Structures are given as C-alpha cells and as structure tokens.
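Data block below; observations after.
No lab work stands behind these numbers, since they all come straight from the coordinates. Small disclaimer: the values here were computed from a predicted structure and weren't measured. Glycine also receives a Cβ, built like all others from the backbone with ideal geometry; neighbour counts cover every protein chain displayed.
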Amino acid sequence: MNILTTPAENVPGNRIIAAGYINTQQLWICELYHAGIRVQICNYGATIMSVILPDRNGVPLNIVAGFSLPQHYLGVHPYFGSTVGRFANRIANARFEIDGKVYQLSANEPPNHLHGGVQGLDKKVWRIESRYADADRTAITLGYDSPDGEEGYPGNVNLSVTYTLTANKELQVSYTAVTDKSTILNLTNHSYFNLSGFSSDTIAGHTLQVLAEAYAAKEAGGIPTGEILPVAGTSLDFRQPRIIGEVLGDFPADRGLDHYWLLQGAAGELLPMATLADASSGICMQVHTNQPGCQIYTANFWDGTITGEQGVRYNKHGAIAIETQNIPDAPNHAHFPSALLEPGDVYSAVTSFRFSYL
Ligand code: GLA
C-alpha cells in the first residue's frame, strides 16, 4: 500500500485498515482524514505511523518517522511515533518512593529507567475504545489496562489515548488515566518530525521557537540535577525562532539537542510551547500543551541503519521529537511538578500539533 497515493479526503472521517496478527492479537491501522491531512494510527504502541499533508505546492508529504506496516514496529527502533510511559524519559537509578515505600523499576538503560521500561506502553497492543466523526472532527480512542507491578510500577492503571483531527488542521493527542493505588504517571508521544517529508535528511535547516525561559539542568546520563536554570545567554535560548543547526554542535556529549524546557504559565492550561517550520516545504507546526514543558531530541543517535516509510535512511539529526511531558525524574525531585496519580484522580494530558504554512 502506498499511503501517499490514497486520495485526500476533505470530509472528516476514519477507517480501519486490518493489517495482520501478533500471536492471537490483531494489529491494525486506523486512518483519520480531515482538512487535507491524513494520520495513520496503529494499535501496537498506540503509535502515530504517519502524518501526511500537502506541502505549499500541494505535494503530499509524510512528515513523521515510521514504517509502512504495523509489523515493522515490533523490531528495534527509537520510539517512532510511540505512546511512551508509564513514565516518559528517565528515572534515576530506576527507583522512586511513594509515602516511604521504595519502588524498583526495570533498569532498561542501566542504572536508569527510560521511557517506561523494557516492555513499555510503546510495546503493548492497545484496543479500540471508540471512533468518532462529525462535521468538525474525527477521532479514535485506544485503551490499555496496565496491571499492578508492570515494569515495577504500582497500581492497576486504565489508560486511554484519543487522537483527534480537527477542521483547523490540528492533531490533538489527549491522554486520560485512573489508578487503584498511588502511582506515578507521565505520558507522551514520541513522534519525530521532519517537515520536509525527509526530502532533506537533516532538520538542521528547520526553524525552532520554544516559549520557555528555563530548562532543567542535567548530568551525564540525562538525569536532571534538580536545578532549573534560565535559557538566557545559553544555546538553549530559543525564545526567538532560530535555525536549529546553529546549536547542534554545542552539545558534544548529547550529539545535539536532548533537553527539557519548562513552560511558564498555569499548569494544566493548554499553552503554546513550540513552533517548528521548514522553509523548503513551507510547513509550520505549532505545539500546544497542558504539560509543564517538553523534552526536545534531535535524533542524535540515528545512524542510517533504519530505512523508513519515505524510502530514505534515517540519519543523524534526521528529525526532531518534541515530547510534551512532566520533567524527567520528577518523582525524585520534590520541587518538580508532582507526577503522582492517586486513586480517585483522573490524569489528563493534552497536546496539539497545529499545521499551517509559512
Ligand atoms: C528521548 C530521550 C533521549 C532518547 C530518545 C529515544 O528523547 O531524551 O535521550 O532516549 O528519547 O531514543
């Protein structure tokens, strides 16, 4: 199936494309289409497989890293489009405490815990909870019940993620969750964007603006030190739009950007976080979130060994992930926003990616 040849539809809708089995569980793709944009979601990892929209000349481009078939996601890849959790990014020494009780998580990036562990949410088969379309939007909701003790996390946690495509060219990703025991939660989507549709094999020429005054300082290994420092006067100052390539060389240990920026404003409100733009395609993407900030990662360890849906090799700095979430290792820093989820609470994280043209 060549996803780029399916005719663009302007009536909002969605359809399931059955795709195969993993053991006895069916893998499928759901395609949402609206306002000239098509988004393909796979139930393995509740993954965003593709986001296809026309460039400024009407040529359709798939602007996210991924594969053309769900089965390909079972192999090794760096979280292409994945739903990441239960705790996105790192937890130091794979341990945290709640009310004096220590929980030991899987240390899948020894000695730390990364992106939910060995079999995180990115490797679970999610179920379809509902599909929806009206004149303004089309949506799909997926669900997964994470059992008590999975990857070391306490509590049976019922998770859902809804992907919605709206009339104003916006892809919303919205998570809800409840638990039966005090636990921690920090969900994100790990899509990697290259707004040229990977016709350029680096995002060094993209423009990025990040509406953050501060970042979370970290030590080698990517664990926050606990210090929140001003971006002013550093290579992380993206308060005005900047060409990403200007700073990629400034972080030799990380080989590029792999940092957490904090949003200012009331927690819980949907606020503008970042804007990414590519002059060649003319595509611009604005990110809003109700999360405390985002981790931005410029695919620093991509090495050309994976060929993606676009038929090109994914090379170093081939794309950029804007992972809206709580601060890494938040459970081990009392002054960071709380990641606690208690029985009776409803976790709610919302991020939107809005597309327009330069
Ligand atoms: C995040 C992390 C990176 C890396 C990638 C996955 O962005 O911050 O350090 O682990 O995910 O490859």
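For this structure, a couple of remarks:
- Each residue in Lys181, Lys124, Lys101 was given a count of other beta-carbon atoms within 10 angstrom of its own, and listing them fewest first yields Lys101, Lys181, Lys124.
- By the count of neighbouring beta-carbon atoms within 10 Å, fewest first, Thr305, Thr275 end up ordered Thr305, Thr275.
- Above 20 Å, the calculated P(r) of the stretch 13-92 contains 39 percent of its Cα-Cα pairs.
- Contact order for the chain, expressed relative to its length and based on alpha carbon pairs under 8 Å spaced 6+ residues apart, stands at 17 percent.
- Largest GNM mean-square fluctuation among Ile22, Ile63, Ile52, using the chain with Cα springs under 10 Å: Ile22.
- Per DSSP, loop chymotrypsin sites (Phe, Trp or Tyr not before Pro) in the stretch 296-335 with at most 16 further Cβ within 10 Å: Phe301
- Between the beta carbons of Gln119 and Ala18, assuming R0 = 22 Å, the FRET efficiency works out to 0.35 to the nearest 0.05.
- In the elastic network of the chain, a GNM with C-alpha springs shorter than 10 Å, the most mobile of Gly293, Gly66, Gly268 is Gly268.
- Neighbours of His190 by Cβ distance under 9 Å: Lys/Arg scored +1, Asp/Glu scored -1, total -2.
- When the Gaussian network model of the chain links Cα atoms closer than 10 Å, the mean-square fluctuations of His190, His113, His72 top out at His72.
- When each of Leu121, Leu262, Leu358, Leu271 is scored by the number of other beta-carbon atoms lying within 10 Å, the sequence from fewest to most is Leu358, Leu271, Leu262, Leu121.
- Those lysines that a straight Cα-Cα span of less than 19 Å connects to Lys181, excepting residues fewer than 8 apart in one chain: Lys101
- Nearest-0.05 FRET efficiency for Tyr132 and His335, computed from C-beta distance (R0 41 Å): 0.55
- Note on the stretch 44-203: along the principal axes its Cα atoms extend 58, 37, 26 Å, ordered by decreasing extent.
- Phe251/Val346 FRET efficiency (R0 41 Å; Cβ-Cβ; nearest 0.05): 0.65
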